[in-house]
1. Taking a label point 7 Å from the Cα of Gln149 along the Cα→Cβ vector, which residues of segment 220-246 have an amide N closer than 14 Å to it?
2. Under 12 Å from the Cβ of Ala254, count the other residues' Cβ atoms, weight Lys and Arg +1, Asp and Glu -1, and hand me the total.
3. In nm, give the distance between the simple-model label positions of Lys91 and Ala62, each being 7 Å from the Cα along the Cα-to-Cβ direction.
4. Which order, highest average first, do 150-163, 124-137, 40-53 follow once you tally other Cβ atoms within 10 Å for each residue and take the mean per peptide?
5. Quantify how much of the Cα-Cα distance distribution of the chain extends past 37 Å, in percent.
6. Going 7 Å from the Cα of Gln29 along its beta-carbon direction, which residues of segment 57-82 have the amide nitrogen within less than 17 Å of the resulting point?
7. Restricting to the chain, what percent of DSSP beta bridges are antiparallel, rounded to 5?
8. For segment 136-205, what does the alpha-carbon gyration tensor say about shape, rounded, prolate or oblate, given a ≥ b ≥ c as the root eigenvalues, a/c under 1.5 as rounded, and a/b over b/c as prolate?
Amino acid sequence: MNIGKPHGWGFIGASDIARNAMIPAIRAQPHNFVKAVMSSNLERAKQYASETDIPVAYDSVAALLADPDIDIVYISTTNELHHSQTLAAAKAGKHVLCEKPLTMSIEAATEMVKACRDAGVVMGTNHHLRNAGAHRTMRRMIAEGKIGQPLAARVFHAVYLPPRLQGWRLHKPEAGGGVILDITVHDTDTLRFVLNDDVESVTAFSSQQGLASGAVEDTVMGVMRFRSGLLAQFHDAFTIKHAGTGFQVHGTEASLFAAGVMKPNPPGKVFLQHEDKMEEVDTGEHEDVYVVGVRNFVQAVEGHGSPSATGEDGLHSLAVALAARESARMGASVRVRYQ
Ligand code: NDP
């Protein structure tokens with residue numbers, strides 16, 4: 001791929017997240033344009049394309065992948081479709097930015113990562129929270145030893161699922177519904193990124209608190225044990241209106257308290273508590289996390305660096321979420337299986 005050549009994006013999935021976050025993020029990059037959108041329903045694809053100023057609407061993945069102007073696909077269909085769509089895109093030589101969770105099993109995620117690697121295309125997972133100044137700053141401070149040895153973390157990510165999204169996430173296990181595949185994957189990715197550590201095992205309890213039905217949970221709490229011995233508590237929900245979000249890391253010398261940082265906007269704040277002093281940490285100028293993610297992805301396509309979160313990162317976060325779900329179902333601690 002020549003640097004400077006415009007990048008045409010094809011959207012597989014006429015989704016809410018594509019409309020609200022990814023179209024603006026792609027249009028914020030120079031030399032990038034959204035060429036086409038694909039929906040299983042042509043009328044819906046056309047309607048979506050006209051509402052969002054996308055020039056072409058397709059009703060099949062094959063037709064979109066045959067479009068020579070498209071060199072990058074962004075996959076944001078429901079989760080059970082990501083696997084086959086990624087394999088098809090890799091086979092067609094398109095770079096793939098795939099939504100989380102990558103898919104529904106470790107085997108399928110491994111196959112996706114391998115297919116992209118074998119085809120020589122870049123694969124990224126859209127874990128947007130790594131791009132936040134708050135999380136990048138906490139990662140740097142921990143790596144610099146500012147809090148000593150990290151011993152414990154807490155992630156508060158219990159939110160209220162907006163009514164417009166109260167569909168497959170709450171009622172369709174076969175589409176990868178449930179708060180664990182939706183939100184625990186993001187917690188895991190953010191913890192891995194900030195701590196530079198991996199989860200070894202998980203214990204979780206899940207529940208239905210009035211929104212989800214059938215074999216789908218709408219709330220989960222649990223503990224992850226990392227390889228270093230650090231323990232991390234997490235609370236994820238679709239049912240809580242006023243808890244706010246947060247992320248804390250407690251080390252031998254100091255603690256980091258971050259408030260409002262598990263939602264993309266506004267950016268939230270980070271504080272360092274050291275002995276009896278609590279000071280606000282400068283996390284840099286706020287930039288939209290999706291814009292940063294798309295920029296890093298495009299740079300990787302152009303041969304510079306790697307996506308903010310790679311396919312392998314998506315595999316890791318999925319592995320932990322699947323272990324958490326199994327733990328909640330079995331009532332036992334589960335060791336994470338990464339392959
Ligand atoms: P949506 O529910 O908006 O879209 C998912 C699919 O549902 C679409 O592909 C579409 O099918 C179908 N659909 C959407 N709207 C309609 C409608 N009005 N009528 C009929 N069918 C419809 O999904 P989300 O945007 O909430 O999530 C998509 C993916 O993105 C998921 O994998 C999710 O986990 C991920 N996500 C990631 C976020 C992040 O920050 N990284 C945030 C939000 C979601 P078709 O394509 O056939 O038209």
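No value in this document is a laboratory result; all are computed from the given coordinates. In this text the structure is predicted, and so the values were computed from the model without any measurement. Using ideal geometry, Cβ is built from the backbone for each residue, glycine included, and neighbour counts are taken over all protein chains shown.
1. 227-231
2. On the way: positive: Lys146, Lys277; negative: Glu144, Glu253, Glu275, Asp276, Glu279.
Local net charge: -3.
3. It works out to 1.0 nm between the two label points.
4. Details: 150-163: 18.5, 124-137: 24.1, 40-53: 14.6.
Ranked from most to least packed, the peptides come out as 124-137, 150-163, 40-53.
5. Details: 8884 of 57291 pairs.
Within the chain, distances greater than 37 Å cover 16 percent of Cα pairs.
6. Label zone hits: 69-76.
7. Numbers: 39 of 66 bridges.
If I count the DSSP bridges inside the chain, around 60 percent turn out antiparallel.
8. On the way: a/c = 3.13, a/b = 2.28, b/c = 1.37.
Note, shape of segment 136-205 comes out prolate.
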